[in-house]
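Presented below is the structure to which this report refers.
Derivation of every value follows stated rules applied to the coordinates shown; laboratory data play no part. Note that the structure is predicted; figures quoted are calculated from it, not measured. So basically every Cβ, Gly included, is an ideal-geometry build from the backbone, and we count neighbours across all protein chains shown.
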Amino acid sequence: MIRLNDREFCEIVGYIRDNYGINLEKKQVLIECRMARELEKRGLTSFAQYMEQMRKDRTGEMAGEMVNRLTTNYTYFMREPAHFSILHYKILPELFENRKMGVCSIWNAGCSTGEEVYSIAMLIQDYGDRFERMPAVRILATDISAEVLRKAEKGIYPLKEMEDLPELWKRKYCTVEDNHTFRVDEKLKYNIRFRRHNLMEMPPGPEKFDLILCRNVMIYFDRISREKLIKQLERCLSPGGYLLVGHAELLSREETRLEAVFPAVYKKPVKENEDKGGLYG
């Protein structure tokens, strides 16, 4: 196996921290184990050679795949189900009522392989099947890794992952492909845009979002990067919009002016003064 020396380790840690906000200071063995096969596949003999190629890659895909391999893309349908209950009974009815003549915009930041965004799409589709009046819904799903985005766009998953879905949703939105996989219904994809995006860069567009889900992403960030991301997510929220984070990522009062309304659920004030500076300035 190709070994990672101390100089190469420091270079990788600095590059990933400065460009993607992720803290790898205690992950030397992890980097060595998870990246060695990738180096061998590319015919490289050192991590220095890999870093040289990655810096020359203008697309950013090599760096995205490195981040993908060094973080745990552990996700599944209906993860942290309390959030979906809150979305169903409180947040979506409120947002849809406020936007009934317009568009409700949702951002799934750090969507990984798509289980979360399709869970949201199923919830919205189910809501629409039961209630006639609801706005158009646009969902933006972003991730740093082109590889996981390709998997998300395909919408094909191991059959065992269907176990976490309600029985009705299994029948309505899932098609068993074979003894090992199932496919989500194509109509769930109609209002979803998948896009590669680095959360440490500028927002993915000028639009404001009524709902942002950035769950179990900040656990990998250092303090400075976390603070930067929180401010950016706040600015991307529409007044009255909601931010959902992972239950292991609760925001303190020092980190945000958003109002904590449920566990790991925050709301932006309906009235805000953009000219006063601070977190919303």
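Details
- Eligible lysines near K189 by straight Cα distance, threshold 20 Å, same-chain separation 8 or greater: K151, K154, K170, K172
- Residues V270 and I156, FRET efficiency given R0 of 35 Å [Cβ-Cβ distance, rounded to 0.05]: 0.30
- From helices alone, the chain scores -11500 deg cm²/dmol at 222 nm; the rule is -39500 (n - 2.57) for each run of n ≥ 4 DSSP H residues, then divide by the residue total.
- Listed residues S46, C33, Y15: farthest to the positive end of the dipole of the range 6-70 (Cβ charges): C33
- Rg followed by Dmax, in Å, when the range 1-116 is reduced to its Cα trace: 19.8, 59
- Rounded tilt (10° steps) of 47-56 against the dominant C-alpha axis of the chain: 50
- Straight-line reach from K231: taking Cα to Cα under 18 Å and skipping same-chain neighbours fewer than 8 places apart, the lysines in range are K208, K267, K268, K271, K276.
- Order of F262, F194 under a 10 Å beta carbon neighbour criterion, fewest first: F262, F194
- With neighbour counts taken as other beta-carbon atoms within 10 Å, the residues Y190, Y220 rank, fewest first, as Y190, Y220.
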